[in-house]
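The values are calculated or read from the model by the stated rules, or taken from the named source; none is laboratory data. Being a predicted model, the structure only gives us computed values, none of them experimental. All Cβ positions, glycine included, derive from the backbone under ideal geometry; neighbour counts span all protein chains shown.
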């Protein structure tokens, strides 16, 4: 049985990258892989309980000082020596660097890492990727946009990286007409247009622009936002200042994102940048037409005027006009747009298809020779 260990900074807070890791872990376990998930920090929360039910091992290294915590390195190397996974698949920068440099001391495991954003980050991040690129057997990115950004910045060699996008479980994320009636009744909605937004309440998602745009959109509408983050209090205060506090609902963390997707009339994402946003994939799988900002990654899913509408990022008036345009479309036109989005996601991003692509990539990597002992590194420096 082939074994794989997914390495990620934490699964205590679930965002797009974390959801994708959990989906891949559970999907590969169903395909008879021996799967473990290792977090650099945190306790695992409720996500670790779900992994346990799926027969997936979970370990937290409980690192408290970032990569400078020597206890985490010692614990991980001891785990590697005991379990000897065939593949270590890291997600996000800190986990990627951790897996790469650990490869010096445990060359028998192949290292794959995945880039989840088109933002190249600080100079430190750029140098970290550039210096350790040779230690990864394969680098992947969730979108062509992310590949272009990292190759252009010299953070990864062009021949060393490939696009392998996020997948979405279209058996779970699918249209459900009855949910619209149930949610609209719960909110006492009659003719109001129900907007839904989901994602961590962090600067990259640019919720202030969304709230300001929603405040000037004409017509009866409600906005429901699912997610938690450092900006929650300030966003609630902004909604009050804009006099839309009674029309904006902050759900916080909710396990019921799917039913809100199924109930809404439109999805909206106001991000300043993205890799390949899971929330847009999930909305499309539910045949929900979307308004998103025209940024790399998002535009790979929202095809303007076919699967949704795009607006300039950071432009309050432009986002408001685009939201108003979707609201003014006939229900039939929005239904057609939503169906087009669903077809695109099913054809390109269906989870079983993506799992098959991962298995093919892993098989390629396993057939390649791996030889990165410590002495080979010392010869390079």
Looking across region 207-227 at residues that are part of a loop (DSSP other than H, G, I, E, B) and crowded, with 17+ Cβ neighbours inside 10 Å, the single one that is farthest from the chain's Cα centre (by Cα) is 217
Out of (1) modelled with pLDDT of 90 or more; (2) surrounded by fewer than 20 Cβ atoms within 10 Å (Cβ to Cβ), the one residue 89 does not meet is (2)
What strands (runs of 3 or more DSSP E), lying completely within region 264-366, carry at least 3 residues that are touching a strand residue (DSSP E or B) at 6+ places or on another chain (Cβ under 9 Å) and in contact (Cβ under 8 Å) with a residue 24 or more places away in the chain? 266-269, 290-293
Mind counting the residues in region 234-248 that are surrounded by 14 or more Cβ atoms within 10 Å (Cβ to Cβ) and either in contact with a helix residue (DSSP H, G or I) (Cβ under 8 Å, 6 or more places away or on another chain) or within 20 Å of residue 218 (Cβ to Cβ) (or both)? 8
Please report, ordered by residue number, the strands (runs of 3 or more DSSP E) entirely within region 128-198 with at least 3 residues that are within 30 Å of residue 367 (Cβ to Cβ) and in contact with a helix residue (DSSP H, G or I) (Cβ under 7 Å, 6 or more places away or on another chain). 138-141
Search region 32-52 for residues that are in the same structural domain as residue 69 (by TED's automatic domain parsing) and pair each with any residue that is in a helix (DSSP H, G or I) and surrounded by 21 or more Cβ atoms within 10 Å (Cβ to Cβ) when their beta-carbon atoms are under 6 Å apart and the residues are at least 6 apart or on different chains. 35/25; 35/28; 37/25; 37/51
When you look at residue 329, is it in the same structural domain as residue 225 (by TED's automatic domain parsing) and over 18 Å from the mean Cα position of the chain (by Cα), yes or no? yes
